[in-house]
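*Asks:* The structure's right below; bear with me while I get my questions together.
The values are calculated or read from the model by the stated rules, or taken from the named source; none is laboratory data. Since the model is a prediction, treat every value here as computed from it, not as a measurement. Note: ideal-geometry Cβ built from the backbone for every residue, glycine included; neighbour counts use all protein chains shown.
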């Protein structure tokens, strides 16, 4: 290698695996966030906590959405349907990272 090639700075580029988003689809749930092969059932503790909140008069908008009470969420992505990209470590960029 010559001296000029050693001094060349490689620019950052977008990650082709995640297309610059930094997130990839979870392979366990195929991006759905819930496991399809498990039966849908309520988490009894969270359901009881919701009933106590009603009795105490605590208004919580999430409380009326039964989605947060489901127990068949994907354990790998925690129900988000996406994981950080392993190629770019979730940054969406490849190449030298800027110094902080």
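*Asks:* For the range 77-91, which positions are more than 9 Å from the chain's Cα centre (by Cα) and surrounded by fewer than 19 Cβ atoms within 10 Å (Cβ to Cβ)?
*Replies:* 86, 87, 89, 90, 91
*Asks:* Residue 10 - would you say it is at pLDDT 85 or above and out of contact with any helix residue (DSSP H, G or I) (no Cβ under 6 Å at 6 or more places or on another chain)?
*Replies:* No: the conditions fail for residue 10.
*Asks:* Still on this structure: Please verify whether residue 30 is out of contact with any strand residue (DSSP E or B) (no Cβ under 7 Å at 6 or more places or on another chain), surrounded by 11 or more Cβ atoms within 10 Å (Cβ to Cβ), at pLDDT 80 or above and under 22 Å from residue 90 (Cα atoms), treating the condition exactly as stated.
*Replies:* yes
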